[in-house]
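> First the structure, then my questions, so here it is.
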Amino acid sequence: MQVGFIGLGNMGAAMAANLVKAGHDVTVFNRSAEKAPPLAALGAHVAGQVGGACGGEAVVSMLADDTAVDGVVFGEGGILATLPHGAVHVSCSTISVALSKRIAEAHAEAGQLYVAAPVFGRPEAAAAAKLFVVAAGAPEAVDKARPLLEAVGQRVFAMSDSAEVANLIKLSGNFLIASVIESLGEAMALVGKAGVDPHAYVDMLTSTLFNAPVYKTYGGLIADRKFTPAGFAAPLGLKDIRLALAAGDALRVPMPVASLLRDRFLTLLAQGGDGLDWSAVGGMAARDAGEK
């Protein structure tokens, strides 16, 4: 498939590379041009502007936040203005429910297709094409995007005909992951202050009650206190918790734990944690308990 890819960050670069490896004709664009040469070495074409990546059957975007996505979609020479009639925009970004709905409506009015397809998985999963993809949109749009989604993920979950539902599900999932990080950090601080080895504790937990990747991954990071390099930066964690709270406001769903998490992320960033992985929130409990 002739496809554009916009956004070559930690996740996007790996996803674009897997599209090239799967045999798709890929044209990439990134605001910082230095991210493109490694993809060109794999066989991708490099566009000098957003529209240069939008001339094919599909374009995939993987950007950091609502502001970046809004600019790329609605800006002059952006996706909406340059994507051909009947082509599909696949947005893998974690964005607000409101923006995703607005994008879906704009593409429908322009005669274009739209699929919201945020992903679960860290950069190492993206590199291995082992992401879990949550897709939503009109069935014909999801069907058209499926070969691309299957090239970057190990499983695609088609969840709804309404694109914004995928973004709501993604935000709910990131809220749950952040809850695990915080609760793991508190539990590990509790037993750690009593002298329990954190690695032995994580091994026990993940071999019995919590045999799940999220506990293994983040338990290991907290035990090692390895919060750099950031696979998912702490400011993005705060952004996603805020978006989850906004979705809760819109649906009149109280989320008291999410409110606590927002304050924990704010504390981390106030203390200079902008460059840390979001798992650093799990290291705060030990510090609060007086541990070095």
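> Answer yes or no as to whether residue 99 is aliphatic (A, V, I, L, M) and over 19 Å from residue 142 (Cβ atoms). Explain how you work it out, then say what you get.
Values: aliphatic (A, V, I, L, M): yes; over 19 Å from residue 142 (Cβ atoms): yes.
Here the answer is yes, as residue 99 does meet what is asked.
> Okay, moving on. Taking only pairs six or more apart or across chains, which ones have beta-carbon atoms under 6 Å, a first residue in the range 15-31 that is over 19 Å from residue 52 (Cβ atoms), and a second residue that is crowded, with 24+ Cβ neighbours inside 10 Å?
Taking only residues 6 or more apart or on different chains, the pairs are 18/152.
Conditions (1) farther than 21 Å from residue 112 by Cα; (2) of a type in the set (Ser, Thr, Tyr), marked per residue:
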position: 10; (1), (2): yes, no
position: 23; (1), (2): yes, no
position: 28; (1), (2): no, no
position: 32; (1), (2): yes, yes
position: 35; (1), (2): yes, no
position: 41; (1), (2): yes, no
position: 46; (1), (2): yes, no
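> Here's something else I'd like to know. Which ones in the range 204-230 are among the small types (Gly, Ala, Ser), surrounded by 16 or more Cβ atoms within 10 Å (Cβ to Cβ) and free of Cβ contacts under 8 Å to residues at least 24 places away in the same chain?
Of all residues in the range 204-230, those among the small types (Gly, Ala, Ser) come to 207, 212, 219-220, 223, 230.
Filter once more, so that each one left must be surrounded by 16 or more Cβ atoms within 10 Å (Cβ to Cβ): 219-220, 223, 230.
Within the range 204-230, 220 is the sole residue that qualifies.
> Just the residues that are in contact (Cβ under 8 Å) with a residue 60 or more places away in the chain and within 20 Å of residue 71 (Cβ to Cβ), please, taken from the range 100-124.
100, 101, 103, 104
> Among the residues in the range 152-164, are any assigned to a loop (DSSP other than H, G, I, E, B), surrounded by 24 or more Cβ atoms within 10 Å (Cβ to Cβ) and on the phi < 0 side of the Ramachandran plot? So that I can check it myself, show each step before the final result.
To start, the set of residues in the range 152-164 that are assigned to a loop (DSSP other than H, G, I, E, B) comprises 161-163.
Now restrict to residues that are surrounded by 24 or more Cβ atoms within 10 Å (Cβ to Cβ): 163.
With the extra rule that they be on the phi < 0 side of the Ramachandran plot, the set shrinks to 163.
Checked the range 152-164: at least one residue is assigned to a loop (DSSP other than H, G, I, E, B), surrounded by 24 or more Cβ atoms within 10 Å (Cβ to Cβ) and on the phi < 0 side of the Ramachandran plot.
> In the range 197-214, is there at least one residue being at pLDDT 95 or above, within 24 Å of the chain's Cα centre (by Cα) and under 24 Å from residue 259 (Cβ atoms)?
yes
> Further question on the same structure: Tell me whether the range 258-265 contains one or more residues that are surrounded by 12 or more Cβ atoms within 10 Å (Cβ to Cβ), free of Cβ contacts under 8 Å to residues at least 40 places away in the same chain, within 30 Å of residue 97 (Cα to Cα) and among the aliphatic types (A, V, I, L, M).
Scanning the range 258-265, I find no residue that is surrounded by 12 or more Cβ atoms within 10 Å (Cβ to Cβ), free of Cβ contacts under 8 Å to residues at least 40 places away in the same chain, within 30 Å of residue 97 (Cα to Cα) and among the aliphatic types (A, V, I, L, M), so the answer is no.
> If you don't mind, there's one more thing I want to ask. Being farther than 30 Å from residue 218 by Cα, crowded, with 24+ Cβ neighbours inside 10 Å, touching a helix residue (DSSP H, G or I) at 6+ places or on another chain (Cβ under 9 Å) and among the hydroxyl-bearing types (Ser, Thr, Tyr), is that true of even one residue in the range 76-94?
no
> Which of the following residues is modelled with pLDDT of 95 or more, closer than 15 Å to residue 18 by Cα and either loosely packed, with under 15 Cβ neighbours inside 10 Å or not assigned by TED's automatic domain parsing to the domain that holds residue 17 (or both): 128, 194, 178, 189?
Details: 194 fails: closer than 15 Å to residue 18 by Cα; 178 fails: closer than 15 Å to residue 18 by Cα; 189 fails: closer than 15 Å to residue 18 by Cα.
Residue meeting the stated conditions: 128.
> Here is a list of conditions, (1) crowded, with 16+ Cβ neighbours inside 10 Å; (2) outside any helix (DSSP H, G or I); (3) of a type outside the set (Gly, Ala, Ser), and residue 149 meets all of them except one; can you say which number that is?
Result: residue 149 fails condition (2) only.
> If you check 165, 152, 142, which single one turns out to be of a type in the set (A, V, I, L, M), touching a residue at least 24 places away in the same chain (Cβ under 8 Å) and within 21 Å of residue 213 (Cα to Cα)? Before you say what the answer is, go through the steps one by one.
Working: 165 fails: within 21 Å of residue 213 (Cα to Cα); 142 fails: within 21 Å of residue 213 (Cα to Cα).
Selected residue: 152, the only one of 165, 152, 142 that is of a type in the set (A, V, I, L, M), touching a residue at least 24 places away in the same chain (Cβ under 8 Å) and within 21 Å of residue 213 (Cα to Cα).
The values are calculated or read from the model by the stated rules, or taken from the named source; none is laboratory data. These numbers were taken from a predicted model, which means no experiment stands behind them. Cβ: placed from backbone, ideal geometry, glycine included. Neighbour counts: every protein chain shown.
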